[in-house]
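Every read-out reported here was derived from the displayed coordinates using simple, explicitly stated rules and does not represent laboratory data. Computed from a predicted model, the values in this text were never measured in an experiment. Reconstructed Cβ throughout: ideal geometry from the backbone, glycine too, with neighbour counts over all protein chains shown.
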Amino acid sequence: MGKRLVGCLFFVLFPILAYTQAVPPAANKIAYLSVGGFYTVAQMDYGQYHSMGWGGYSDLNYRVWKDLGVGLEGEAHIIDFRLKSGTAFQNYLGGVRVAYEMPYFGRHFEPYAKVLGGGTRFHYPTFITNKIYDYSTWSVGGGVDVKISNRWYWRSVDFEDLHLWNYPPYALTPWTLSSGISFRVF
């Protein structure tokens, strides 16, 4: 009788003491990493041309309270002005992101806001030489991610207001509008 009691207590208490009980489902994870790419349309505030390009981003988010998350985002835009001169620019930004996940009509929408800082590289080709200039940049933006499946998300809209604050003679203030797809790594 004693051996049976000890055996039963072992099978009942061992998983609890060893923390081997079932873990919460993946949907309740409190941290995740996303990697994605997007297509961008930009208004450059430089000659008033609409430009097109592509880019990539990655964000690491941590859920701090219920559906509210705080994280870091890094991104790069590669934009060509489509001018005969071949003027182009790239910006590389990183910063803070705040997101709120909300289920709505059977889909999960995640609106977010972000503040990013970094640099922008302008390429001004001429007939004599290629000139490249770097400018300090910060941006404020936001958008909405829509859940497609457990790991795939559609960044339906992402808007950023950029400020190249050391562009001579005054600061340059372009904006970008992007849409793309991301994959949640974990």
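Here are the numbers for this structure:
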{"quantity": "Footprinting exposure proxy for ILE79, ILE148, ILE30 (fewest neighbouring C-beta atoms within 10 Å first)", "calculated": "ILE30, ILE148, ILE79"}
{"quantity": "Those trypsin sites (Lys or Arg not before Pro) in the range 136-180 that DSSP places in a loop and that have at most 16 other beta carbons within 10 Å", "calculated": "ARG151"}
{"quantity": "Fraction of alpha-carbon pairs over 20 Å apart in the range 49-186 - percent", "calculated": "50"}
